[in-house]
Amino acid sequence: MKKSVFVRKRSTLFFTLFILFVSMMLNQMHVDSSVRNGDYYSSESLKTIYIEDQNRQIILPIDYDYLCAPLVLDFNDDKVLETVIVATMKESLGKAIFLIRNEKIVSGWTLELYWDVTNFEILGEVSLPGDPDEGVAFRYTKLIGENTQVTFFIVTENGDVYTPFGFTLPGSFVHGTIFHDLDNDGDNEFITVRRDGYIFFLTSDGNNMTNWPMQVNDSISFNQPVVEDINYDNELDIIVCTDNGMVYAWNQNGTLVDNFPRNLSLNYPTEDEWIREMPIVDDFDNDGKMELFAASTFSYIYGTSLDPYTNKTWDAPVLTPIYDTVQGIAYDLDNDGKKEVIQHSTYGLSVFSVRSELEEVFSFYGANFYGTPAIADIDGDNFPEIVITNSYYVYILEHDGQIKKRIDKVIPLSGQNSPLIYDIDNDREVEIVLLSRRGLIFIEETNDYGLAPWIDIFGSSTHTTNFDQDSDGLWDYEEEILGTDVYYYDSDGDTVSDGDEINQYLLDPLVSDIDRDTDEDGISNKDEIDIYYSNVENPDTDFDGLSDWDEINIYGTNLLSSDTDEDGLSDDYEVLYDFLDPNNPDDALQDYDEDNLSNLDERSWGCDPGNPDTDDDGLLDGDEVKRYFTNPLMSDADADYDGDGLTNVDEVDIHETDPSNPDSDGDGYDDGVEVKNGSDPLDENSIPTDKSSFYFLGLVLVVLVLGVIFRKHKR
């Protein structure tokens, strides 16, 4: 009867524990779901689940090749980033389109298009006239008889395919169509280049803009167009560089900008030296005039001023010949207010500052590089890092070219997509994201706050360097996602710039929340970052069991170190005892309770540093550990751990034998036997006397028995 009651009670206990476990798991799943859906962490979840994100991978379906650069966008202005990925079917020329949100394929996707098409290109986000949904515009090439033509279509967020553009263009076109609202009429326009030298400037419905297309007397094999206001008339101009280094610039009305075209003056024009990359355009020397740079197939980079009345030119050697598999960019790497020319090549990087001559800042050598560098500050030191990739590694370089980290790629020789830097999981921290040819999305976690510092292989949809018109630390396209003011650095007027709110303090740039305390540890986000350098999402930055606020205001300890005084005793351990000081390294080696164990040793053994006899067995903790080899946490004063019949205490205090060795002198007799029988357990020549007498008496008995037997036999 008692047994059955016990079984019922035990079953009830197991059932209760099972329900508790399930409840905890469901609660964890709910928290994880909230995090992945872009919600702010609650203070409760912070205190229980905060961990640093780890590097990881997403594996997409294996039935495709992933050769197209991804597009990052924000559907429906909900501040949650999505990623559009296009793949090619391995068994046909059809395409598959994926929409990724929070590291998962969105329900209802993948969209498979069984079209006989090639040269697929993602153009950008687009609003549908009269439709609240947004879509993504695509361009592709198809074969009509023996002729090729390009056409355009849109896919909405819910996977519907539209062809509202309703036009095609005959011929073979350069990859890299510009899809942007160039004339500020609310609709995007197209700029696309045909390889025979025709440049098309089209409205969103496919009509030629006035006086377009243009034709140049040269071929344009790979050089994509660039849009920039080079004559400062508040109108974007259209710039194209031909194979032979001729630079054309048109106003939108089709007229050439004054004193164009002009020549890059290649060093070897008669030996088939060509320009095979999109030109890099910016004001590199801060003289108020734009410059253009492009590298050639003969390992030279050339530059020219785009000011109509200046004829300044530059040239310098680069590491290798430049073809369309690599692309140069511009960025201010050293924060001096002037952008450098960063020429990517198959052998690494050449970085130049633009002065009266091109001055090399540094070169980084390697092999088999491709694509475009991704550049952003990913470690919070206010200097940008450079991310480049080759067939085997992902390199993260410091702004001066020193290697910060080298990451082995999981799948070598897996494609030529450039790395991107953005918040792929919507946790308000940016990640380095790289898509391989086989559909592996590699994610390197930076644990640095941000939104989308580098989401395009060229930096912007107009193929120019990114815009930050109000110099608030956010690119204009980031501000468009957030809904902040592109022209004013502090949208909410709380004295903190929009960029700092997103990239440093985890504040809302649209709400005056300068005193916000995300982790509810009593310290504002701004103070955590500016004064204490602590984690605004973790109330215990150093994981030592003391809150950041308590470390500052009560204990005076270092909230970035779990052992402030570096004495081997953690801060939370030292604050448990009045006689320990987390700011005094000397107390670790002291013996407060005089039990022959230092405070540090007491911690390692799990003893009470304020009680000389933790297990209350009459033996000092230090003596148990160092003399008797007993357990200071167990009442075992009478223990005989070597099983020789003598207690550990008697062996040490009375007999001076080894309590861990049953035969201290190695003579074959246990110490307890020797003590009991009068021999010396520390002398191998001394053996128990009772054993010797036994042997003697046995011998006498044998002789007597033999004598009796002999006499009987004689009779």
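Things worth noting here:
- Any hit, segment 58-79, residues being of a type in the set (F, W, Y), out of contact with any Ser or Thr (no Cβ under 7 Å at 6 or more places or on another chain) and part of a strand (DSSP E or B): no
- Residue in segment 290-297 that is touching a strand residue (DSSP E or B) at 6+ places or on another chain (Cβ under 7 Å), among the hydroxyl-bearing types (S, T, Y) and open to solvent by less than 70 Å² (accessible area, probe 1.4 Å) present: yes
- Look at segment 618-634: where a residue is small (G, A, S) and a partner is not in a helix (DSSP H, G or I), sitting 6+ places away or on another chain with Cβ atoms under 6 Å, you get G618/A637; G622/D595; G622/N596; G622/L597.
- Which listed residue is open to solvent by 50 Å² or more (accessible area, probe 1.4 Å), aliphatic (A, V, I, L, M), under 23 Å from V84 (Cβ atoms) and out of contact with any helix residue (DSSP H, G or I) (no Cβ under 8 Å at 6 or more places or on another chain), from V126, V161: V161
- Lone unmet requirement of (1) surrounded by 14 or more Cβ atoms within 10 Å (Cβ to Cβ); (2) at pLDDT below 90 for G197: (2)
- Residue match in segment 287-302 (condition: part of a loop (DSSP other than H, G, I, E, B) and charged (D, E, K, R)): yes
- Residue list for segment 204-217, filter: of a type outside the set (A, V, I, L, M) and more than 14 Å from A137 (Cα to Cα): N207, N208, T210, N211, W212, P213, Q215, N217
- Residue in segment 555-563 that is open to solvent by less than 40 Å² (accessible area, probe 1.4 Å) and either outside any loop (DSSP other than H, G, I, E, B) or closer than 30 Å to F467 by Cβ (or both) present: no
- Filtered residues of segment 375-413 (kept if open to solvent by less than 10 Å² (accessible area, probe 1.4 Å), in contact with an Asp or Glu (Cβ under 9 Å, 6 or more places away or on another chain) and under 24 Å from P321 (Cα atoms)): I375, I386, V387, V394, I396, L397
- W115 meets the conditions (1) within 33 Å of the chain's Cα centre (by Cα); (2) in a loop (DSSP other than H, G, I, E, B) in every case but one. The failed one is (1).
- A single entry from G568, G610 fulfils the requirement of being farther than 28 Å from D670 by Cα and within 39 Å of the chain's Cα centre (by Cα): G568.
- Residue match in segment 420-435 (condition: modelled with pLDDT under 95, part of a helix (DSSP H, G or I) and either within 23 Å of D78 (Cα to Cα) or open to solvent by 20 Å² or more (accessible area, probe 1.4 Å) (or both)): no
- Only one of G108, G124 that is part of a loop (DSSP other than H, G, I, E, B) and on the phi > 0 side of the Ramachandran plot: G108
- Breaking point among (1) surrounded by fewer than 15 Cβ atoms within 10 Å (Cβ to Cβ); (2) in contact with a Phe, Trp or Tyr (Cβ under 9 Å, 6 or more places away or on another chain); (3) under 30 Å from L619 (Cα atoms), for G545: (3)
- Residue under evaluation D468, criteria (1) charged (D, E, K, R); (2) in contact with a strand residue (DSSP E or B) (Cβ under 9 Å, 6 or more places away or on another chain); (3) open to solvent by 30 Å² or more (accessible area, probe 1.4 Å), criterion not met: (2)
- Close pairs (8 angstrom Cβ cut-off, 6 or more residues apart or separate chains): farther than 16 Å from I342 by Cα and touching a residue at least 60 places away in the same chain (Cβ under 8 Å) in segment 375-400, in a strand (DSSP E or B) and open to solvent by 50 Å² or more (accessible area, probe 1.4 Å) anywhere: D379/K404
- The set of residues in segment 310-345 that are open to solvent by 40 Å² or more (accessible area, probe 1.4 Å), assigned to a loop (DSSP other than H, G, I, E, B) and under 20 Å from D285 (Cα atoms) comprises N311, K312, D334, N335, D336, G337, K338, K339.
- The single residue among P582, P632 that is in a loop (DSSP other than H, G, I, E, B), out of contact with any Pro (no Cβ under 8 Å at 6 or more places or on another chain), crowded, with 20+ Cβ neighbours inside 10 Å and modelled with pLDDT of 95 or more turns out to be P582.
- Test: residue in segment 620-629 that is over 30 Å from I529 (Cβ atoms), of a type in the set (G, A, S) and not in a loop (DSSP other than H, G, I, E, B): yes
- Taking the listed residues N253, N211, N231, the one that is touching a Gly at 6+ places or on another chain (Cβ under 6 Å), of a type outside the set (D, E) and open to solvent by 40 Å² or more (accessible area, probe 1.4 Å) is N211, with no other qualifying.
- Listed by first and then second residue, the pairs linking a residue in segment 318-337 that is modelled with pLDDT under 90 to a residue that is of a type in the set (F, W, Y) and not in a loop (DSSP other than H, G, I, E, B), with Cβ atoms under 7 Å apart and 6 or more places separating them unless they lie on different chains, are T325/Y370.
- Failed item in (1) open to solvent by less than 20 Å² (accessible area, probe 1.4 Å); (2) more than 38 Å from the chain's Cα centre (by Cα), with L182 passing the rest: (2)
- Segment 95-104, residues that are assigned to a strand (DSSP E or B), open to solvent by 10 Å² or more (accessible area, probe 1.4 Å) and within 18 Å of N76 (Cβ to Cβ): R101, K104
- Of all residues in segment 506-537 being touching a residue at least 40 places away in the same chain (Cβ under 8 Å) and of a type outside the set (S, T, N, Q), the one that is surrounded by the most Cβ atoms within 10 Å (Cβ to Cβ): D519
- Just one residue in the set E228, E157 is among the acidic types (D, E), within 21 Å of F293 (Cα to Cα) and under 36 Å from the mean Cα position of the chain (by Cα); that residue is E228.
The values are calculated or read from the model by the stated rules, or taken from the named source; none is laboratory data. Quantities reported herein were computed from a predicted structural model and do not represent experimental measurements. Note that we place each Cβ from the backbone using ideal geometry, even for glycine, and neighbour counts take in every protein chain shown. Keep in mind that these areas ignore ligands, DNA and RNA; they rest on the heavy atoms of the full protein, side chains included. Shrake-Rupley method; radii C 1.70, N 1.55, O 1.52, S 1.80 Å.
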